[in-house]
Amino acid sequence: MTKMTEDSELKKIEKQKRGQLKNTKRIVVKVGTSTLTYPETGKLNLERIDKFAFELSDLVGQDKEIIFVTSAAIAAGLGQFGLSKRSERVEKNQAFAAIGQGMLMHIYEKIFSEYGQKIAQILLTKDANTVEHQRQNARAVLLELIAMKVIPIINENDAVVVDEIQIGDNDTLSAMVAKIVDADLLILLTDIDGVYTGNPRTNPNAKILNEINEVNSDVEQMAGGAGTSLGTGGMITKIRAAKEMLDARIPMVLAPGKESNIIHRILDGEEIGTLFEKR
Ligand code: GLU
């Protein structure tokens with residue numbers, strides 16, 4: 001096969017895989033702090049929250065099973081005090097998370113109810129992955145909620161964890177949730193457009209990779225770099241989540257949360273962001 005036919009064959013397979021995303025039913029959607037807040041003020045981006053609530057509620061209407069992993073509790077807490085940068089002290093950030101989480105749920109409750117959608121709050125730690133009875137209990141309640149057509153809204157229980165709050169990371173949390181419920185798809189919405197072949201800030205030829213089938217050292221290298229002052233994680237935790245999803249054979253899409261109708265477009269098979277899926 002010539003290189004050109006090989007390339008067009010590959011394109012065809014990638015298109016087919018994107019097309020199959022519309023058949024996914026149990027979907028975990030994670031939205032990062034940088035997408036849910038205004039970076040300059042740290043205040044919640046209500047316009048975006050409203051759009052996500054609309055999209056997710058509409059998908060439940062289509063009989064999809066939706067689990068929403070939210071970040072931005074710390075940011076919402078900081079915003080209450082006019083701050084836009086996390087503290088150096090862990091316990092202070094835990095306090096902000098405790099203040100912000102309630103606020104966040106209050107706003108979600110208000111907005112989702114506008115669309116007639118019931119929601120529930122679940123706060124997890126990584127113990128739900130490692131302690132078997134916790135895993136089983138978390139799975140049972142999540143499945144119960146989605147069977148009731150309720151959207152579980154999950155965050156990390158930041159008051160009882162220290163490591164996670166520092167490295168941040170609802171990316172890992174969402175991968176864990178996707179495995180606990182045997183999801184068909186994980187969508188990570190963030191402030192980056194996908195995985196680039198190089199650094200787009202310094203290399204104008206850097207392109208977004210439409211699909212990645214394996215997280216090897218090249219991909220890991222492309223993912224170097226930290227997150228923002230409000231959120232955490234950065235690319236590294238996303239790539240780690242992708243690796244876990246590839247191992248578990250759950251497709252994952254990393255895509256820009258600022259794009260309109262992003263979740264519907266991903267499910268319609270549009271080639272946006274980067275799809276991680278085993279060949
Ligand atoms: N659990 C943290 C919060 O709600 C977010 C962690 C992260 O940035 O992924 O603020």
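The values are calculated or read from the model by the stated rules, or taken from the named source; none is laboratory data. Only a predicted model underlies this, so the values are computations on that prediction, with no experimental measurement involved. Cβ atoms come from the backbone with ideal geometry, glycine included; neighbour counts cover every protein chain shown.
Per-structure values
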{"item": "The stretch 5-46: number of residues that are charged (D, E, K, R), away from the ligand (no atom under 16 Å from the Cβ) and in contact (Cβ under 8 Å) with a residue 40 or more places away in the chain", "result": "8"}
{"item": "Residue in the stretch 208-240 that is modelled with the lowest pLDDT, counting only those that are within 16 Å of the ligand (Cβ to nearest atom) and touching a strand residue (DSSP E or B) at 6+ places or on another chain (Cβ under 7 Å)", "result": "L230"}
{"item": "Helices (runs of 4 or more DSSP H) (entirely within the stretch 39-144) containing at least 2 residues that are within 22 Å of R26 (Cα to Cα) and of a type outside the set (K, R)", "result": "46-61, 90-114, 127-130"}
{"item": "Conditions (1) within 25 Å of N261 (Cβ to Cβ); (2) charged (D, E, K, R); (3) buried (at least 19 other Cβ atoms within 10 Å of the Cβ): number failed by R86", "result": "(1)"}
{"item": "Given (1) more than 14 Å from the ligand (Cβ to nearest atom); (2) hydrophobic (A, V, I, L, M, F, W, C); (3) crowded, with 22+ Cβ neighbours inside 10 Å, index of the condition I49 fails", "result": "(1)"}
{"item": "Total residues in the stretch 21-38, condition part of a helix (DSSP H, G or I), out of contact with any Leu (no Cβ under 6 Å at 6 or more places or on another chain) and either surrounded by fewer than 14 Cβ atoms within 10 Å (Cβ to Cβ) or at pLDDT below 95 (or both)", "result": "2"}
{"item": "Qualifying positions in the stretch 245-279 - assigned to a helix (DSSP H, G or I) and crowded, with 21+ Cβ neighbours inside 10 Å", "result": "M245, I262, I263, I266, L267"}
